[in-house]
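Below you'll find the structure, written out as C-alpha cells, and then a few comments.
The values are calculated or read from the model by the stated rules, or taken from the named source; none is laboratory data. All values reported here derive from a predicted model rather than from experimental measurement. Please note: Cβ atoms are built from the backbone with ideal geometry, for glycine as well, and neighbour counts cover all protein chains shown.
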Amino acid sequence: MKTASVINSDNISGLVQRTLNHVDVRLTDHGKRVAYLAGRMLEADGSFSVKEKQDICLLALLHDIGAYKTEEINEMTRFESRDIWEHSIFGYLFLYHLSPLKDWAQTILFHHVSASTLDGVDERIAMASQIINLADRVDIFWLNYPVQSALDKYLSQKRDDRFRGSVVDLFYKALEKYPVMEEWKDAQAFQKVVQHMDLTVEQCEAYLNMLIFAIDFRSRHTVTHTITTTSIATSLARFMQMTDKQIHDIHYGALLHDLGKIGIPVEILEFPGKLSPQAMKIMRTHVDITEEILGGTIDPVITNIALRHHEKLDGSGYPKGLCGDAITLEEQVVGVSDIVSALLGTRSYKEAYSKEKTLSILREQAGNGKISPELVGVLEKHFDEILSELNVKCAPILETYYGLTAEYDRLLEKYHNQKTFMPA
C-alpha cells in the first residue's frame, strides 16, 4: 500500500513542540530559546551546512528530552544545577536509538561538561555540544541575572574551562551580528533559525515515531501499546476488506491516538487498581490534550479517528458520548483495537489476558451494544493471524527498549558520581 504520509515538514515541528509542552512547558520554552541561541551562533560561525544547522537546532530543542521528572526539571531551571546527568544519558540514548538525529546524539551526552572533557571526541560533535552547552547556560543566566555585565563576567571566568574560548567568541560574534537579546525570549524566535524544515518523508515519520516512543517508553507496561493498537487496527481493517484509503487513515489515526498521554502523570497511568473519579477525570483529558497537540494540522478524518477511540456505540464512551452511526467504521476499528491492545498487554494492576479471556470480554461488550459484533466476529476469525503479524512488529521495539534500559543502567553506574563525562 503506497499512500502519502500525513506528517510532513510543515507540521512535524509544531507536533514535536506541542507534545513536549505537555511534559512541562518550562522544558519546551527553554529548548526553544536554547535552539534559537545555538542557531544564531551557528549562523555566525558559517562553517556548518544548512542541514547541519537544522539538525543541531532540532537537537538543541530536544536537548532535555531525557528529563521527564518534575523534580529534575525544577533542578534544571536553577542556574547552578547539581546532579542532572541522568537526563543527559537518557537523552543521548533516546535520540541515538529512536530519532533521526542518531549521528548527532552524542552531543547530548556531553552538553553539560567542560571543554577539557571533550578531548578525543569527534570535532563536529564537540563543537555542537559546546554551542548547546553555552546556549543552555546563557539562557538560564539571563533568566536569573538579566544583566549583560554579569554574563560577561561569568563567561570570562568560564572561558577555556567550561567553554572553549572560540565558542565564547562565537557567542559575542552572534550578539554583534543579530538582535539576540531582543529576540531571545520571543516564543517565535526559534522559527527564525529554522525557517522551513526541509525533511524527507522518512525523517518526518521518524520524528513521529520518536514522539510515540517518548510517550510509550515512560512505562514498561506501555512500551508497545501504540504499535500494538496500530498493527491490530490495520490488520483488522484489511480483513474487513476496507479500502487502501481507509487503511491509511486508520494507520495514522491509531499512531496518533494516545499522544495526549504525555500530559497525564505516570502515577495515574500506572495506578495499580481502579482509578478514583477524580483520577479518571484527569485520565480522560488525554483525548483533549491529543486534540491540542494535533492543532488542526492533521486531516480531519484522521484526527477524528485518533480522538474518538474511546467512544462507544451505545453512547457510554467519551469525550463526546457519540453513538451509533455518528462513529465511523474507521473510528470503531481503532477503538476496538485499543481495547484488544490493553487486554493483551500487562498493566501495573494485571497480567496479560489470554486469547480466550480477551475474546470473551469483546463478545460481552458487543452483546451489550458497546462495540460492533461484526468487528468482533472478524477479529475472532483472524485472531491468530493478527497476533502473528503483531508479534513480528513488536519484537524489534521490545529489543530496543530493553537494550536501551540496560545501556542506561550501565552508563548511569559509570557516570553517576562523576562531575564530568568521558566518552562512552
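Which condition breaks for D258 when tested against (1) closer than 27 Å to L404 by Cα; (2) among the acidic types (D, E); (3) without any contact (Cβ under 8 Å) to a residue 40 or more places away in the chain; (4) buried (at least 21 other Cβ atoms within 10 Å of the Cβ)? Tallying (1) closer than 27 Å to L404 by Cα; (2) among the acidic types (D, E); (3) without any contact (Cβ under 8 Å) to a residue 40 or more places away in the chain; (4) buried (at least 21 other Cβ atoms within 10 Å of the Cβ), D258 fails exactly one: (3). Among residues of region 172-195 being part of a helix (DSSP H, G or I) and either at positive phi or touching a helix residue (DSSP H, G or I) at 6+ places or on another chain (Cβ under 6 Å) (or both), the one that is modelled with the lowest pLDDT is F190. Of the residues making up region 38-58, those that are touching a Phe, Trp or Tyr at 6+ places or on another chain (Cβ under 7 Å) and either within 18 Å of K185 (Cβ to Cβ) or surrounded by fewer than 23 Cβ atoms within 10 Å (Cβ to Cβ) (or both) are R40, M41, D55.
Being surrounded by 18 or more Cβ atoms within 10 Å (Cβ to Cβ), touching a residue at least 40 places away in the same chain (Cβ under 8 Å) and within 27 Å of F94 (Cα to Cα): is that true of L375 here?
Spelling it out, it is not the case that L375 is surrounded by 18 or more Cβ atoms within 10 Å (Cβ to Cβ), touching a residue at least 40 places away in the same chain (Cβ under 8 Å) and within 27 Å of F94 (Cα to Cα).
Checking each residue in region 5-23 for being touching a His at 6+ places or on another chain (Cβ under 9 Å) and more than 13 Å from E205 (Cβ to Cβ) picks out only D10. Flag: Y318 does not match the condition of being closer than 21 Å to D216 by Cβ and among the hydroxyl-bearing types (S, T, Y). Could you check, for region 362-375, whether at least one of its residues is on the phi > 0 side of the Ramachandran plot and part of a loop (DSSP other than H, G, I, E, B)? Checked against the condition, which is being on the phi > 0 side of the Ramachandran plot and part of a loop (DSSP other than H, G, I, E, B), region 362-375 yields at least one hit. Taken as a whole, the condition of being of a type in the set (K, R) and touching a Ser or Thr at 6+ places or on another chain (Cβ under 6 Å) does not apply to K355.
Can you say whether E389 is farther than 17 Å from T229 by Cβ and either at pLDDT 95 or above or over 23 Å from the mean Cα position of the chain (by Cα) (or both), as far as the supplied structure shows? So that I can check it myself, show each step before the final result.
Values: farther than 17 Å from T229 by Cβ: no; either at pLDDT 95 or above or over 23 Å from the mean Cα position of the chain (by Cα) (or both): yes.
No.
Screening Q130 with (1) more than 26 Å from F190 (Cα to Cα); (2) among the polar types (S, T, N, Q); (3) buried (at least 21 other Cβ atoms within 10 Å of the Cβ) gives one miss only, at (1). Residues to consider are E407, E380, E356; find the one that is over 18 Å from A233 (Cα atoms), assigned to a helix (DSSP H, G or I) and in contact with a helix residue (DSSP H, G or I) (Cβ under 7 Å, 6 or more places away or on another chain). Matching residue, one of E407, E380, E356: E407. Within the set D198, D161, the sole residue that is in a loop (DSSP other than H, G, I, E, B), closer than 23 Å to K53 by Cβ and among the acidic types (D, E) turns out to be D198.
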